[in-house]
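Accompanying notes for the structure given below.
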Amino acid sequence: MDLLVTTIQSPPCEIEELAQEIAKKLQAPLISRDRHSITALRNNYQVENIVVITKNGPIVHTIGGEYFFHLNMAELRIENLKNGKNDHMITAMSLSAGMSVLDCTLGLATDAVVASFTVGQTGKVIGIEASPLLAVVASYGLQHFTHEKEDVNQALRRIQVKSKHCHDILINLPDNSFDVVFFDPMFRQPIYSSSNLKPLRYLADNSPIAESTFAQACRVARKRVVIKESSNNNEFDRLGISTIYGGKYSSIQYGVIKVEN
């Protein structure tokens, strides 16, 4: 992996310990920061990605900018749900309290957080992330990020993170293991203008969903397989999906396979 781990300058013991732990998880070299700038470290060690451990957790410096855990649109979407507004993903999943969701492309964890809030304490959300670096950042953030509203914090803490390719997880799961299996492979064709998302384009797995993986998802899902894609794509046709959810003028659509078991 093209990265190294370092810390803020003059780090306290707890940050040094966290840096050692994260470097071990990523199997990446841990470099003393001293007074080096990020640019100097990048040039000296010939790496593109640098993980800086701070008092607020890991910050990933990529050539596309910085990435750190944040709620992104999850906070607004949760507020909208509280106010009785529609969320296209939740509708596509037909999600309610007590259900289980397997998010096969965790990434930012935005969708997983909204799903976890919806299924509540009696439900279950597991997020799978193929990128070890994104998995580490998401896992740390979900366990340590603190929001002013406790129900949001609880939604974060309930999400379990697995660092692996989703196909390797799916093939080892029994039939009908989760109510919903979800994919968001949208980083293949960027449609966002937000600078917050740009760094992820350098870190996320941008490969399309393999047909064999999709078949495993249909086996594992008890109720629905849902795929999030940009409008006017050919992925739904390629995978044989004809049921589509989303706003009339939205740049995002949700393709749904309703599984009959």
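The values are calculated or read from the model by the stated rules, or taken from the named source; none is laboratory data. Remember, it's a predicted structure, so these values are computed and weren't measured experimentally. Virtual Cβ from ideal backbone geometry, glycine too; neighbours counted across all protein chains shown. Just the protein is used for accessible areas: all its heavy atoms, side chains included, with ligands, DNA and RNA removed. Shrake-Rupley method; radii C 1.70, N 1.55, O 1.52, S 1.80 Å.
So which residues in segment 61-105 are at pLDDT 95 or above, among the hydrophobic types (A, V, I, L, M, F, W, C) and under 18 Å from the mean Cα position of the chain (by Cα)?
Ala74, Leu76, Ile78, Met89, Ile90, Met93, Val101, Leu102, Cys104
Please tell me if Arg219 is more than 20 Å from the chain's Cα centre (by Cα) and open to solvent by 30 Å² or more (accessible area, probe 1.4 Å).
Against the criterion (more than 20 Å from the chain's Cα centre (by Cα) and open to solvent by 30 Å² or more (accessible area, probe 1.4 Å)), Arg219 qualifies.
Within the group Phe117, Phe69, which residue is over 27 Å from Arg219 (Cβ atoms), open to solvent by 20 Å² or more (accessible area, probe 1.4 Å) and in contact with a Phe, Trp or Tyr (Cβ under 8 Å, 6 or more places away or on another chain)?
Phe69
Here are some conditions: (1) in contact with a helix residue (DSSP H, G or I) (Cβ under 8 Å, 6 or more places away or on another chain); (2) open to solvent by less than 30 Å² (accessible area, probe 1.4 Å). Ile126 meets all but one. Which one does it not meet?
Going through the list (1) in contact with a helix residue (DSSP H, G or I) (Cβ under 8 Å, 6 or more places away or on another chain); (2) open to solvent by less than 30 Å² (accessible area, probe 1.4 Å), Ile126 breaks only (1).
Can you name the strands (runs of 3 or more DSSP E) wholly within segment 65-134 that have at least 3 residues being over 30 Å from Arg42 (Cα atoms)?
100-103, 124-129
Out of all the residues in segment 42-64, which are open to solvent by 50 Å² or more (accessible area, probe 1.4 Å) and hydrophobic (A, V, I, L, M, F, W, C)?
Ile63
Mind listing just one residue for me: the one in segment 139-164 that is among the hydrophobic types (A, V, I, L, M, F, W, C) and part of a loop (DSSP other than H, G, I, E, B) and, of those, most open to solvent (accessible area, probe 1.4 Å)?
Ranking the candidates gives Phe145 first.
Sort out which residues of segment 98-114 are without any contact (Cβ under 8 Å) to a residue 40 or more places away in the chain and either open to solvent by 40 Å² or more (accessible area, probe 1.4 Å) or of a type outside the set (Ser, Thr, Tyr) (or both), and write them in order of number.
The answer is Gly98, and nothing else.
Consider only pairs whose beta carbons are under 9 Å apart and that are at least six residues apart or on different chains; among these, list those whose first residue lies in segment 227-244 and is at pLDDT 90 or above and whose second residue is open to solvent by 60 Å² or more (accessible area, probe 1.4 Å) and of a type in the set (Ser, Thr, Tyr).
Sorted first by the residue in segment 227-244, then by its partner, the pairs are Phe236/Ser242.
Anything in segment 165-188 that is assigned to a loop (DSSP other than H, G, I, E, B) and either farther than 23 Å from Ala97 by Cα or modelled with pLDDT under 95 (or both)? List them, or say none.
Selection gives His165, Ile171, Asn172, Asp184, Pro185.
Only residues that are of a type outside the set (A, V, I, L, M), touching a residue at least 24 places away in the same chain (Cβ under 8 Å) and either exposed (fewer than 12 other Cβ atoms within 10 Å of the Cβ) or under 11 Å from Thr54 (Cβ atoms) (or both): list them for segment 13-31, please.
Of everything in segment 13-31, just one residue is of a type outside the set (A, V, I, L, M), touching a residue at least 24 places away in the same chain (Cβ under 8 Å) and either exposed (fewer than 12 other Cβ atoms within 10 Å of the Cβ) or under 11 Å from Thr54 (Cβ atoms) (or both), namely Gln27.
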